[in-house]
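Colleague: Shown below is the structure under consideration.
All of the numbers you see were taken from the coordinates with simple rules; none came from a lab. Since the structure is predicted, the reported quantities are computational estimates derived from the model, not experimental observations. A quick note on method: Cβ atoms are made from the backbone with ideal geometry, for glycine too, and the neighbour counts reach across all protein chains shown.
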Amino acid sequence: MLKRYGMPATLVVLLAAALSAQTPVNTDWPQWRGPDRNGVSRETGLLKQWPSGGPTLLWRVTNLGAGYGSLAVKGDRIYVQMMIGKQSAVASLNRANGQIVWSKSIGPGTTNDRGSGPRGTPIIDGDRLYVLTESGDLACLRLADGISLWQRNLLQEQRARNIQWLVSQSPLIDGNNVIVSPGAGVTALDKMTGKTVWTTQGLKDEAAYSSIIAADVQDVRTLMTFTATAAIGVRASDGKVMFRYPKVTNGTANIATPVFSDNKVFFTSGYDTGAALLGLTAQGGEVKAQEIYFTRDMKNHHGGVVLVNGTLYGFNDSILTALNFETGKMLWRDRSVGKGSITYADGNLYVLSESNVMGLVEASPAGYREKGRFEIPDSGLNSWAHPVVSGGRLYIRNQASLAAYDIKAK
């Protein structure tokens, strides 16, 4: 149409580019590990280097209560789980200042020698919020005010015991279902009503501490996670267990969320175990897994890994390490901030050590280049909540404390 009226083709291209540039990137962080559940933020325009002492602190609140869970962010609200008194709860906070807008008790809280309270991150789906507590209570709440819409405790219903360091996973929304695995296998529930859609049959494995991901493998929707004894793939339509891979699991705690790309899935665990890349193929509506490689250069405890332009980054025990995703070849390693968790945004890795040091590191396969670090207040327990990048801010939760830092480029 523009060309008909004499508009040059080059100008058409420039106009299209300008309109595209004006389209805002969705900066919400609606679930565990972000928009795509992979620890990767889509944001740009962030600081490339931090000043001495770190980026500007916008606010800090210290009244959240115990818990290791990370955050979900949508619009002007933040959602986080915590232990209030003896109750496991979830709260909506004002993004402007961190003040509580509403809070809701979900069920009894649980204490533990590694720290009390919830370990999971809520997930936002439309006008609803889904929460899984450390005691196995799965609840669906109205996002605006926390009113309960339905709730179940799968541990009690399945007569399954809680694991040693408590239910630590975050629920997944996949189509019309909410997916969790706190007890006897993986369970899909109708997200609107809470009614069971299916539960895996014949899977006797105890739960792990890992959160489930979903991916399409050659047109077969597949759910992938750890159990206590294997990396598994489950068909999303009916819960059929399609593959088990025990080699990458340890006998203590399998925690890291798997990473999927190009019909391959990467699993890693700590406690002197390692990592594996599995190639996935579908035939007759079922997915099979075959080991591409196994490596001991990524023994990841709890902090997860991120995949950026063909390179995996994560902590091998306490050493930040870069691996080639396709081959498993180690590209570099550095002690960095010490063992911790990792998030990626706008060319950089945000690495938070369990010893309260926050670092910014260039995401490059060429080598380690640090771009700033600062310390956060010590809560008396390990800093295990993963950092969140959303709306030009870096959020760090450490037990009852939550801080927001301005990381927008000026």
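Colleague: Just to check I understand the Karplus step: with θ = phi - 60° and J = 6.51 cos²θ - 1.76 cosθ + 1.60, what whole-Hz values come out for region 42-49, glycine and proline as x?
Modeller: For region 42-49, the Karplus curve yields 8, 6, 10, x, 9, 4, 8, 8 Hz.
Colleague: Sticking with this structure for a sec: Given +1 on the Cβ of Lys and Arg, -1 on the Cβ of Asp and Glu, and no further charges, what dipole in debye does region 39-133 carry about its Cα centre, rounded to the nearest 20? Present the calculation step by step, with values, prior to reporting the outcome.
Modeller: Values: 11 positive and 5 negative charges, 12 e Å.
With Lys and Arg at +1 and Asp and Glu at -1, about 60 debye.
Colleague: Taking the radius of gyration and the Kirkwood hydrodynamic radius from Cα positions alone, what is the Rg/Rh ratio for region 89-168, to two decimal places?
Modeller: 0.99
Colleague: Give the order of TRP102, TRP50, TRP32 when sorted by the count of other beta carbons within 10 angstrom, beginning with the fewest.
Modeller: TRP102, TRP50, TRP32
Colleague: Applying a 10 Å radius around every beta-carbon, put 114-122, 144-152 in order of their mean neighbour count, most first. Walk me through the numbers on the way to the answer.
Modeller: Details: 114-122: 24.3, 144-152: 14.4.
Peptide ranking by packing, descending: 114-122, 144-152.
Colleague: Still on this model: Over the chain, what is the mean sequence separation of C-alpha contacts under 8 Å (at least six apart), divided by residue count, expressed as relative contact order in percent?
Modeller: Values: 1125 pairs, mean separation 59.8, N = 410.
Relative contact order for the chain comes out at 15 percent.
Colleague: Also, quick follow-up: What are the semi-axes of the equivalent ellipsoid of the chain, taken as the square roots of 5 times the eigenvalues of the Cα gyration tensor, listed largest first and rounded to whole Å?
Modeller: Taking √(5λ) for each eigenvalue gives 31, 27, 24 Å, largest first.
Colleague: Could you size up the charge dipole of the chain around its Cα centre, putting +1 on the beta carbon of Lys and Arg and -1 on that of Asp and Glu, and report it in debye to the nearest 20? Each step should come with its number before you reach the end.
Modeller: Values: 42 positive and 33 negative charges, 73 e Å.
It works out to roughly 360 debye.
Colleague: Test of understanding: ordering MET192, MET242 by Cβ neighbours within 10 Å, fewest first, what list do you get?
Modeller: MET192, MET242
Colleague: Additional query: Can you give the charge dipole size of region 122-257 about its Cα centre, rounded to the nearest 20 debye, using +1 on the beta carbon of Lys and Arg and -1 on the beta carbon of Asp and Glu?
Modeller: For region 122-257, the charge dipole is close to 360 debye.
Colleague: Let me ask something else about it. Among PHE266, PHE374, what is the fewest-to-most ranking by other Cβ atoms within 10 Å? Show your work: numbers first, answer last.
Modeller: Values: PHE266 27, PHE374 17.
With the sparsest Cβ surroundings first, the list reads PHE374, PHE266.
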